[in-house]
Amino acid sequence: MAYALEITGLTAGYGALPVVQDFSTSIPAGTVTTLIGGNGAGKSTLMRAIYGTCKVFSGGIAFGGRNIEKLPPWDRLAAGVGFVPQGRCNFSTMSVAENLKMACYTLPASRHEAVIAPTLDLFPALRAKQKVVAGNLSGGEQQMLETAMVMVLGPRLLLLDEPSLGLSPKMQQEVFDMARKLARTGVTVIMVEQNVHGALQISDLAIVLELGRKFMEGPAAQVM
């Protein structure tokens, strides 16, 4: 089995305070994994450790067989790790098209249209709204846009932190369907979710965190 992400004995946190402790897992490529746990369990910290925006005290993170735990976030992004953090993170006074172009900032201008076009194929609802100001989109559409802004760079690992937060039940399901759709294209998706039932229904794997440590891990249906 090909693993997209392998974490071994990871302890991570902020300043001198470890939050995630001695965490290990192996995530197969092209799957959806949901991280579950109460507030303060370490879910978001684990995501930030994978992306490189918090301190790793010890342990290893291998992505595609390459150790990345010492790389800065921009090098992890270039290597194929994408992160959509919790909360709104688009340019609200700019159009959908302008937001997607802003997301291409690490690419030469000659490639922008070439990467935006296939991304819009993944998010057809955005294609019809390219001229709409992002702040005028619904919450679900903004979540789609923010995910599309990461997908233009072609990540092979996508980290989604609370993607359904504050959305209607209908839009929550659309976000979950989006995660499943991306996995079918070969992208490995890891989500933090409070809507446990909805997320596990479309997930392959589930990991339960409690007080910074792994409490349970297994097939999503079994964990449910």
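In nm, what is the difference between 0.36 nm times the number of residues separating Leu211 and Thr185 and their Cα-Cα distance?
Details: separation 26, 0.36 × 26 = 9.36 nm, distance 3.38 nm.
My answer for the length gained is 6.0 nm.
Within region 1-51, all pairs of alpha-carbon atoms sorted by distance into 5 Å bins from zero give the percentages 5, 18, 27, 28, 14, 6, 2, 0. The angle separating the long axis of helix 169-184 from the principal Cα axis of greatest extent in the chain is about 80 degrees.
Helix-derived [θ] at 222 nm for the chain: sum -39500 (n - 2.57) over DSSP H runs of at least 4, divide by residue count, nearest 500? Provide the component values of the computation, followed by the final result.
On the way: 9 runs with 77 residues, N = 224.
The per-residue figure over the chain is -9500 deg cm²/dmol.
Restricting to the chain, compute how many DSSP beta bridges are antiparallel as a %, nearest 5.
60 percent
Take the chain, connect every pair of alpha-carbon atoms lying under 10 Å apart with a spring to form a Gaussian network, then pick out the residue of Ala103, Ala117, Ala12 with the largest mean-square fluctuation. Looking only at Ala103, Ala117, Ala12, the biggest GNM fluctuation is shown by Ala117.
Can you give me the relative contact order of the chain as a percent, contacts being Cα pairs under 8 Å and 6 or more apart?
Working: 452 pairs, mean separation 63.4, N = 224.
About 28 percent, as a whole number.
GNM remark for the chain: springs join alpha carbons under 10 Å apart, and the peak mean-square fluctuation among Gln21, Gln201, Gln172 falls on Gln201.
Given a 10 angstrom Cα cut-off, can you work out which residue in Arg111, Arg76, Arg48 is the most mobile in a GNM of the chain? Highest fluctuation among the options: Arg111. Region 136-157 and region 160-176 have Cα centres spaced 12 Å apart.
Measuring r between the beta carbons of Phe57 and Met102 and using R0 = 41 Å, the FRET efficiency lands at 0.75.
Hey, which of these cross-link pairs are over 28 Å Cα-Cα: Lys129/Lys181; Lys55/Lys129; Lys43/Lys70; Lys70/Lys214; Lys70/Lys129? Present the calculation step by step, with values, prior to reporting the outcome.
Details: Lys129/Lys181 20 Å; Lys55/Lys129 39 Å; Lys43/Lys70 20 Å; Lys70/Lys214 23 Å; Lys70/Lys129 39 Å.
Long pairs (Cα-Cα over 28 Å): Lys55/Lys129; Lys70/Lys129.
Residues of region 192-224 falling in the label zone of Asp177, defined by backbone nitrogen less than 15 Å from a point 7 Å along Cα to beta-carbon, are 199, 202. Can you tell me the FRET efficiency between Lys70 and Ala2 if r is taken as the Cβ-Cβ distance and R0 is 25 Å, rounded to the nearest 0.05? Step by step, r from the Cβ atoms, then E = 0.60.
Laboratory data are not the source of any read-out in this text; all were calculated from the coordinates shown. These figures come from a predicted structure and were not determined experimentally. Because the Cβ atoms are built from the backbone with ideal geometry, glycine has one as well, and the counts that use them run over all protein chains shown.
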